[in-house]
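Engineer: Have a look at the structure that comes next, please.
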Amino acid sequence: HNMDTRGPMPSAKRIDSLPSGDLFRLAIEPIRDRISINETPDVYLEGLSKVTEGQSLLYAANWCQIEVCNGGFKQFFMNSTGIVGPEAVRGFNMIGVLGAAEVVSQSMSKLGKEYPRNRTARNNAVWEIKGLKPEAEDWDPFEIFDKQFYKFTGTGEFDNQADTFVKANLSLFFM
C-alpha cells in the first residue's frame, strides 16, 4: 500500500520565487532515496509501492528525459535508469506531454512484447536489434525516436512542463 510521501506545502510566495525546474524537483525530493533504480526489478517495484503514484511517475519521466537528452534512448535502455520505462510513459501522459509518452512507448516496443526491466535482458534486447547491422559499430536503432522525442520535450522544456503540472496539482505532491 502506497505511503503518503508528499512533502510540506510550499508557500505561494516560495513557489513563485523558484527557478524553472525547482518546483517539480522539490515535489519528488521526498522519494529519491526510497526508489532504487540500480537494483533488481523487484526491489525497484517494491520502492514504487511505498511512494505516491504522482511522485513515482514524475520521477520516472524525469529520469527518462535526462537520459534521452544526454545520450538518446540507446543510453536510457542500456543504463540502469531504463528500469523506469513503463512509469516514464505514464509520467509523460500524466503531465500532458502525450507525444513524448507515445515515442517512449514506441521505442520500448522495439525491445520485445514484454518490456525487460532487468538491465541485462534490456541490454541483450538492444544488442539483438543492433545485431541486424553488425557492420555499423555505432549504428543506433533508436535515433529516429530520439529526434521525435526532442520535438515534444527537452532539457529546459521538461522543467517547464513538469513545473506547470505540479503547480496545477499541488495536492498530489505536497500536504
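The values are calculated or read from the model by the stated rules, or taken from the named source; none is laboratory data. Just so it is clear, the structure is predicted and the values come from calculations on it, not from any experiment. With ideal geometry, Cβ positions are generated from the backbone for all residues, glycine too; neighbour counts draw on all protein chains shown. What goes into the accessible areas is simple: the full protein's heavy atoms, side chains included, and nothing from ligands, DNA or RNA. Shrake-Rupley method; radii C 1.70, N 1.55, O 1.52, S 1.80 Å.
Engineer: Give me the helices (runs of 4 or more DSSP H) completely within the stretch 1-87, filtered to those with at least 2 residues that are in contact (Cβ under 8 Å) with a residue 40 or more places away in the chain and among the small types (Gly, Ala, Ser), ordered by residue number. I'd like the intermediate steps shown before the answer.
Structural biologist: Details: elements: 12-17, 22-28, 41-48, 53-78.
So the answer is 53-78.
Engineer: Test GLU128 against the criterion of being out of contact with any Asp or Glu (no Cβ under 6 Å at 6 or more places or on another chain), of a type in the set (D, E, K, R), modelled with pLDDT of 90 or more and surrounded by 11 or more Cβ atoms within 10 Å (Cβ to Cβ), and give yes or no. Please lay out each step first, then the result.
Structural biologist: On the way: out of contact with any Asp or Glu (no Cβ under 6 Å at 6 or more places or on another chain): yes; of a type in the set (D, E, K, R): yes; modelled with pLDDT of 90 or more: no; surrounded by 11 or more Cβ atoms within 10 Å (Cβ to Cβ): yes.
Considered against the rule, which asks whether it is out of contact with any Asp or Glu (no Cβ under 6 Å at 6 or more places or on another chain), of a type in the set (D, E, K, R), modelled with pLDDT of 90 or more and surrounded by 11 or more Cβ atoms within 10 Å (Cβ to Cβ), GLU128 comes out as no.
Engineer: Something else now. Counting only residues that are buried (at least 16 other Cβ atoms within 10 Å of the Cβ) and of a type in the set (D, E, K, R), which one in the stretch 131-156 is modelled with the highest pLDDT?
Structural biologist: If we take residues in the stretch 131-156 being buried (at least 16 other Cβ atoms within 10 Å of the Cβ) and of a type in the set (D, E, K, R), then ASP146 is modelled with the highest pLDDT.
Engineer: Would you point out which residue out of GLY91, GLY7, GLY72 is among the small types (Gly, Ala, Ser), touching a strand residue (DSSP E or B) at 6+ places or on another chain (Cβ under 9 Å) and open to solvent by less than 70 Å² (accessible area, probe 1.4 Å)? If you could, list the steps in order and put the result at the bottom.
Structural biologist: On the way: GLY91 fails: touching a strand residue (DSSP E or B) at 6+ places or on another chain (Cβ under 9 Å); GLY72 fails: touching a strand residue (DSSP E or B) at 6+ places or on another chain (Cβ under 9 Å).
The unique qualifying residue is GLY7.
Engineer: For the stretch 10-26, give me each residue that is surrounded by 10 or more Cβ atoms within 10 Å (Cβ to Cβ) and hydroxyl-bearing (Ser, Thr, Tyr).
Structural biologist: SER17, SER20 - these are the residues of the stretch 10-26 that are surrounded by 10 or more Cβ atoms within 10 Å (Cβ to Cβ) and hydroxyl-bearing (Ser, Thr, Tyr).
Engineer: Taking the stretch 36-64 on its own, how many of its residues are among the β-branched types (Val, Ile, Thr) and either within 13 Å of the chain's Cα centre (by Cα) or modelled with pLDDT under 95 (or both)?
Structural biologist: Initially, the stretch 36-64 is screened for residues among the β-branched types (Val, Ile, Thr), giving 37, 40, 43, 51-52.
Still in the running and either within 13 Å of the chain's Cα centre (by Cα) or modelled with pLDDT under 95 (or both): 37.
Of the residues in that region, 1 qualify.
Engineer: Continuing with this model, one more query. In the stretch 98-112, how many residues are crowded, with 23+ Cβ neighbours inside 10 Å and closer than 17 Å to THR164 by Cα?
Structural biologist: 1
Engineer: Give the residues of the stretch 45-57 that are buried (at least 17 other Cβ atoms within 10 Å of the Cβ) and closer than 24 Å to GLN161 by Cβ, sorted by residue number. So that I can check it myself, show each step before the final result.
Structural biologist: First, pick out the residues of the stretch 45-57 that are buried (at least 17 other Cβ atoms within 10 Å of the Cβ): 47-48, 51-52, 54-57.
Within the stretch 45-57, LEU48, VAL51, THR52, GLY54, GLN55, SER56, LEU57 qualify.
Engineer: In this structure, is GLU29 under 11 Å from the mean Cα position of the chain (by Cα), under 20 Å from ASP159 (Cβ atoms) and open to solvent by 10 Å² or more (accessible area, probe 1.4 Å)?
Structural biologist: Working: under 11 Å from the mean Cα position of the chain (by Cα): no; under 20 Å from ASP159 (Cβ atoms): yes; open to solvent by 10 Å² or more (accessible area, probe 1.4 Å): yes.
No; evaluated as a whole, the condition is false for this residue.
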